[in-house]
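Only one structure is covered here, and it is reproduced in the block below.
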Amino acid sequence: FKNMPQVGAPDVLRLEKLMDRCQKNLEPLKEFILPGGGKVSGFLHQARTICRRAERVCIALSKAEPVDPTIIKFLNRLSDALFVLGRWVAKTQSEPEFLWERDVQTTKN
């Protein structure tokens, strides 16, 4: 379409640079993080879930017809960026991150 915006490699690079800037202020992950926190970070985690779904749909579509691989890469990076932004917002708003903890109860017979 003539005036339709196009997603390109510069858009992917812009997301990667955004993530790099935000991650400078974040602790490295050692555990899975459960979605949650405050309102904004919760919405960012929700948006990430929706973006991952869109990525899966595009991958499935690409098996039936041509799909620009840059679009799939962009969706992947966008979902990563939403995750990082969710963590960054939680930190800047002094909200806790909820870590997934494996239930490691042992039973003795």
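Across the range 7-19, the number of residues qualifying as out of contact with any helix residue (DSSP H, G or I) (no Cβ under 9 Å at 6 or more places or on another chain) and more than 13 Å from K73 (Cβ to Cβ) comes to 1. Just to be sure, is R53 modelled with pLDDT of 95 or more, surrounded by 17 or more Cβ atoms within 10 Å (Cβ to Cβ), among the basic types (K, R) and part of a helix (DSSP H, G or I)? Against the criterion (modelled with pLDDT of 95 or more, surrounded by 17 or more Cβ atoms within 10 Å (Cβ to Cβ), among the basic types (K, R) and part of a helix (DSSP H, G or I)), R53 does not qualify.
Here is the figure for the range 83-109: residues that are at pLDDT 70 or above, more than 23 Å from R21 (Cβ to Cβ) and part of a loop (DSSP other than H, G, I, E, B) total 3.
The residues of the range 26-47 that are touching a strand residue (DSSP E or B) at 6+ places or on another chain (Cβ under 9 Å), more than 19 Å from R77 (Cα to Cα) and not in a loop (DSSP other than H, G, I, E, B) amount to a single one, L34.
Within the range 57-73, the residues that satisfy the criterion of being in contact with a helix residue (DSSP H, G or I) (Cβ under 8 Å, 6 or more places away or on another chain) and in contact (Cβ under 8 Å) with a residue 40 or more places away in the chain are T70, I71, K73.
Candidates in the range 56-76 are the residues that are outside any loop (DSSP other than H, G, I, E, B) and among the aliphatic types (A, V, I, L, M); of these, the one that is farthest from the chain's Cα centre (by Cα) is L61. Annotation note: Cβ proximity below 8 Å between a residue of the range 44-56 that is free of Cβ contacts under 8 Å to residues at least 24 places away in the same chain and a residue that is in a helix (DSSP H, G or I) (sequence gap 6+ or interchain) occurs for A54/L75.
The values are calculated or read from the model by the stated rules, or taken from the named source; none is laboratory data. Note that the structure is a prediction, hence the values are computed from the model and not measured. Backbone-built Cβ (ideal geometry, glycine too); neighbour counts: all protein chains shown.
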